[in-house]
Amino acid sequence: WPILAGDIEAILALKRDHNAVILAHNYQTPEIFHTVADIVGDSLALAREAAATDADIIVVAGVHFMAETAKLLNPNKTVLIPDSAAGCSLAESITAEDVRQLRARHPGVPVVTYVNTSAAVKAESDVCCTSGNAKKVIESLGVPRVIMLPDEFLAQNTAAQVPGIEIITWAGHCEVHELFTADDIRSVRESYPGVVVLAHPEAPPEVVAEADFAGSTAGMVDFVGEKRPARVALVTECSMSDNVAVQYPEVEFVRPCNLCPHMKQITLPKIRRALEQRQYEVTIDPALAERARVAVERMLAVR
Ligand code: 13P
Ligand code: SF4
């Protein structure tokens, strides 16, 4: 990436000069993921690392809800997102008022909220979860019914793992994962004999049913690292395969995949500008943040 070398060098120097750390989600492009990122991972790993860092500035190379989560866990640090318009269809699918109405309709039922939501929605929740710990979080509650929002497919896929627990959900969808179909999986198996198919649980249940494994983005990376399949399809965002392929050149990565337009808003020039101009700073109303932080910290306490 010779054209980007100037940005990479500048970002590395800015990080050193300002005691900054860059957290990058697995869906970031390889030129970010493999060059300037200090910590890479799934949503859960990024939240855990945000809670642990001693950097003064945290740049989140990911989408807005991830930067908000980092800010919730670091109220006294500067948290920057290189493009404030990097959103998420799940986060946009539900408001704090929607959660209040759901609670009124189901009194006493705990609310488990996917981290892919605004701080305002987290503030109305009992506990957060990610795709990497949803089963554990729900089981930790020890109750027969939970409200799990806003991802309908993640809720349905998790319900299949916790028989005996009723899950009330919401009709939010990830615009990347909702596009995959069971036919996509069948045709990839036909075109690539022996392929091992890993699907993200934000995909519809009929897609997960056709896969060999379903898990968070970190779960997929671990699967490839441990099993080293000769051929694998990561049924998720396209940059995942690009990033993991760099680590495992002997593994053949085949598609389908879909691009997340929000994740793709983050670029090296924007990361450089974020550090040079301290933009865009994530702020959350302190009273709201206090309530939202409780839900995130409860999640992090579940092991
Ligand atoms: P995970 O990395 O936690 O699996 O989340 C996937 C995702 O869609 C994040 O936006
Ligand atoms: Fe949101 Fe889906 Fe994009 Fe993740 S991949 S940020 S869940 S739209």
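Within the stretch 151-174, identify whether any single residue is among the β-branched types (V, I, T) and under 15 Å from the mean Cα position of the chain (by Cα), and answer yes or no. No, the stretch 151-174 contains no residue that is among the β-branched types (V, I, T) and under 15 Å from the mean Cα position of the chain (by Cα). Could we say that E206 is farther than 23 Å from G62 by Cα and outside the structural domain of A134 (by TED's automatic domain parsing) here? It is true that E206 is farther than 23 Å from G62 by Cα and outside the structural domain of A134 (by TED's automatic domain parsing). Please indicate, with yes or no, whether at least one residue in the stretch 58-67 is within 16 Å of ligand 2 (Cβ to nearest atom), touching a helix residue (DSSP H, G or I) at 6+ places or on another chain (Cβ under 9 Å) and more than 21 Å from M299 (Cα to Cα). Yes - at least one qualifying residue is present in the stretch 58-67.
The single condition among (1) out of contact with any strand residue (DSSP E or B) (no Cβ under 7 Å at 6 or more places or on another chain); (2) closer than 19 Å to L259 by Cβ that T69 does not satisfy is (2). The helices (runs of 4 or more DSSP H) falling completely within the stretch 109-202 that include 3 or more residues that are outside the structural domain of R291 (by TED's automatic domain parsing) and away from ligand 2 (no atom under 16 Å from the Cβ) map to 182-191. Every test in (1) away from ligand 2 (no atom under 16 Å from the Cβ); (2) assigned to a helix (DSSP H, G or I); (3) of a type outside the set (K, R) is passed by D54 save one, and that test is (2). Set side by side, the residues G194, G142, G164, G108 differ, and just one is in contact with a strand residue (DSSP E or B) (Cβ under 8 Å, 6 or more places away or on another chain), at positive phi and surrounded by fewer than 19 Cβ atoms within 10 Å (Cβ to Cβ), which is G194.
The values are calculated or read from the model by the stated rules, or taken from the named source; none is laboratory data. Everything numeric in this text was worked out from a predicted model, so none of it was measured. Note that each Cβ is placed from the backbone with ideal geometry, even for glycine, and that neighbours are counted across all protein chains shown.
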